[in-house]
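Down below is the structure, laid out as structure tokens.
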Amino acid sequence: MAPSAPLPLRSRAAVAAGRAVAGASKVARLGTGSVVGGNVALRLDPGLLRRLTAGRRIVIVSGTNGKTTTTALLRAALATAGPVASNALGANMPPGIVAALGRAEPGAAAALEVDERWVPAVLEAVDSATLVLLNLSRDQLDRSHEVRKIAETWRAACAAPAVQRVIANADDPLVAWAAGDAAEVVWVGTGGWWTLDASGCPACGGRIVFDADGWACTACGFSRPEPSWALAPGHEVVVHGEERIELDLGLPGRANAANAAMVLAAADGYGIAPAHALPAMRTVQSVAGRYRTADIDGVSVRMLLAKNPAGWQEAIDMLAPPPRPVVAAINARIADGRDPSWLWDVPYERLAGRYVVATGERRHDLAVRLRYAQVDHGVAESLDGAVAMAAAEGDDDAVDLIANYTAFQDYLDQVGREP
Ligand SMILES: [Zn+2]
């Protein structure tokens, strides 16, 4: 691909100003500063996103769950073919993207995580992109009305001429419908299991029925597209029904195996074969603090993030087997969703047989839910207290922690953001 054209003076000044502000806010301990800096740069040059993306290979990753991890895997895969820029820390709206690209060398590819609400706006600003669409589920209860609306905006965005190719999850009916008008779709079978948010057909409002073979609408016949890449039991990916590839990732769980299958399909579209991509993807073992293990007062704590019912389902799949105790942390700040009644949609019954300690600002709501799920549990006010209480019920000084968004960020601050 041709190297990108040099940026005009105004854009260069905007990038430099953004970087200066980002540096200052980093010193002032306002996070990484990249969003603040990106905001400043975009105000100085509103056309900056288009200019910074011009002449690059752009791959956009979006979905309710797994964006950050999938983007990290994608970055590793694309990096086998040359330099890659990425908003790797989850700053996934235009300011964060601009900040990431402002640091990138000319011609570097870009693996971009994009908030699901911002996909159309970002696509409007790029000349050409591959789109990786993972899934769509309710983020929290009070945002449920948005899921269908987002699917509609995705469907329109997928049909835009800038979209060269969509890598789409064939097992999520909302994603399948959203990708339906794209010029080229590569379907990936992920073995979907979170069906609560898609029981209404996105095409006709009829009822979607899920079974072992997939899903179909009983009214209009809209059904699961035949995937060319498919996740099979044992964390293998089957390509075109023939070639079998063993994933053997450094990240736990079925959800990450599904994310990796999406990445393999995306990388293959750029001529990067699975045999090249996978060794690089296997080096990814922790993403923005997720899956890392921290030491808290001599207890080894593995940190998992789960922001919504589908995310909890995935995280429960990643837990070490019983009797490993679990600390579950729930806040209900703005970024988490104020209304924690979505806890009733999480299958906490699956934690039965483990000892669970509820913590976080909404620990008492969680404790009520655990009681109804008949899960043996305690309640602790602080992370340290919760870890100690949980570890006392285990046998190897190791605990799995699942936290929702702001609780996870608080704990990362507490244990240190770098391993
Ligand atoms: Zn239908």
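For region 341-419, what are the per-bin percents of Cα-Cα distances with bins 10 Å wide, up to the bin holding the maximum? Using 10 Å bins, I get a P(r) of 18, 51, 28, 3 for region 341-419.
What translational diffusion coefficient, in µm²/s and rounded to a whole number, does the Stokes-Einstein relation yield for region 49-282 at 25 °C and a viscosity of 0.890 mPa s, taking the hydrodynamic radius as the Kirkwood radius over Cα pairs?
Translational D for this selection: 139 µm²/s.
Overall, the anisotropy analysis places region 147-288 in the prolate class: the square-rooted eigenvalues a ≥ b ≥ c of its C-alpha gyration tensor yield a/c not less than 1.5, with a/b exceeding b/c. Less than 5 angstrom separates the built amide H of Glu113 from those of Val61, Asn87, all sequence-distant by 5 or more or on a different chain.
Please compute the length gained on full extension between Tyr270 and Asp213, using 0.36 nm multiplied by the number of residues separating them and subtracting their Cα-Cα distance.
Working: separation 57, 0.36 × 57 = 20.52 nm, distance 2.99 nm.
Residue separation times 0.36 nm, minus the Cα-Cα distance, leaves 17.5 nm.
Using the Karplus relation 6.51 cos²θ - 1.76 cosθ + 1.60 with θ = phi - 60°, the per-residue 3J(HN,Hα) values for region 242-256 come to 10, 5, 10, 10, 7, 6, 6, 7, x, 10, x, x, 4, 4, 6 Hz, with x marking Gly and Pro. Note that region 385-402 has calculated 3J(HN,Hα) couplings of x, 5, 5, 5, 5, 5, 4, 5, 8, x, 10, 9, 6, 9, 9, 9, 10, 10 Hz, one per residue in order, obtained from phi through the Karplus relation 6.51 cos²θ - 1.76 cosθ + 1.60 (θ = phi - 60°); glycine and proline are x.
To make sure I understand, if each residue's beta carbon is the centre and we count other beta carbons within 10 Å, what order do Glu393, Glu242 fall in, fewest to most?
Values: Glu393 18, Glu242 6.
The fewest-first ordering by Cβ neighbours comes to Glu242, Glu393.
Considering only Arg254, Arg57, Arg244, the mean-square fluctuation computed in a Gaussian network model of the chain, springs between alpha carbons under 10 angstrom, is largest for Arg244. The GluC sites (Glu not before Pro) of region 331-389 that DSSP puts in a loop, and whose beta carbon has at most 11 other beta carbons within 10 Å, are Glu381. Distances between every pair of Cα atoms in the chain, grouped in 10 Å steps from 0 to the bin holding the largest one, split as 5, 21, 31, 27, 14, 3, 0 percent. Considering only the chain, what is the antiparallel percent among its DSSP beta bridges, to the nearest 5? Roughly 35 percent of the DSSP beta bridges within the chain come out antiparallel.
Cβ screening of the chain for cysteine pairs under 4.7 Å finds these without a partner: Cys158. Can you give me the long-range amide H partners of Val166? Hydrogens built in the peptide plane at 1.01 Å from N, cutoff under 5 Å, separation of 5 or more residues or another chain. Amide H neighbours of Val166: Leu131, Glu184, Val185, Val186. Could you please report the charge total around Gln374, scoring K, R as +1 and D, E as -1 over all other residues with beta-carbon less than 14 angstrom from its beta-carbon? Here the charged neighbours net out to +2. A Förster radius of 45 Å combined with the Cβ-Cβ distance from Glu184 to Ser286 puts the calculated FRET efficiency at roughly 0.85. If R0 is taken as 60 Å, the Cβ-Cβ distance between Arg50 and Asp297 corresponds to a FRET efficiency of 0.75. Lys and Arg at +1, Asp and Glu at -1: add these up for the other residues within a Cβ distance under 14 Å of Pro274 and post the number. Net charge in that neighbourhood comes out at -4.
Rule-based calculations on the coordinates, nothing more; no lab input. Worth saying up front: this structure is predicted, and the values here are computed from it rather than measured. Neighbour counts are summed over all protein chains in view; Cβ atoms, including those assigned to glycine, are modelled from backbone coordinates with ideal geometry.
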